[in-house]
Structure formats: C-alpha cells, structure tokens
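Read the figures in this text as sums done on the coordinates, not as results from a lab. The shown structure was predicted, so the numbers you read here are calculated from the model rather than taken from an experiment. Ideal geometry is used to build each Cβ from the backbone, glycine not excepted, and the neighbour counts take in all protein chains shown.
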Amino acid sequence: AASVDQNEEADFPEGLLVEKLHRSRERSRRVVDLAKRRFIEEYGRLYCEACGLDPEKRFASAKMRNRIIEAHHDVPLSDAKHEGTTKVTDLRMVCPTCHRAIHAIRPWKKVEELKRFLAGRC
C-alpha cells in the first residue's frame, strides 16, 4: 500500500467539465431574503441561533456584518409534513457549520436542540 507521503505527492485529476442531470427541490430566494431582513429588524444583525456566531465580531470586520449566516428550514422540504409553502417564520438563521451539523443528523435536529447540545459542551 502507498504511504501517506507518497499520496501527498501524487497528481489527482480535477476540474474536468461534466454534464449531470439531477432533480432538486425549488427554493424561494424571496422568503430567505425576507426572513433575513425580519431577523435583522428584530435583532439588529444576523447571527447563528444555535451557537451564537456573529460574523462581524468573529472576523473583526464590518464587511462581514450580515454575511455567512444561512436560512434553515425547520421542516425539511422533503418531509411529508411540509405542505408545499414556506413562511418567513419557518426559517431559522444558522452559521454554515451548525447548518451542516443539523443536516448531518437524521432525523434532522431542530435549532433549539443543537443550541442545548452546544451549551452543554461549552
């Protein structure tokens, strides 16, 4: 078997253009924009509701204010409980790390569950 050192020096093909056909669920950019605007109006800035990350403070840059934070659907679009529409109040603001963690856990955890979990670890 090749050692890790040998693999670090190997060349791996990347960057080829491939055409793929796949199905995905449509999402409304408008509801995300409205949810973020409402959150900013209520709290003054976007921050992660799970871990509390404030991009502007974390990166010590005003340019990061209201950036990075993503909108998470409390009820997954693929879930039978999803009724085909999304309200602004159905979205939660989370950082990319917490968003990825929520999606890695099946069934999906709610933002409040992740927040409690993180509070117990810090």
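When every Cα-Cα distance of segment 25-87 is counted in 10 angstrom steps from zero, the calculated P(r) takes the values 20, 44, 28, 8, 0 percent. Between GLU41 and LYS20, what's the calculated FRET efficiency when r is the beta-carbon distance and R0 is 41 Å? Round to 0.05. After rounding to 0.05, the efficiency reads 0.55.
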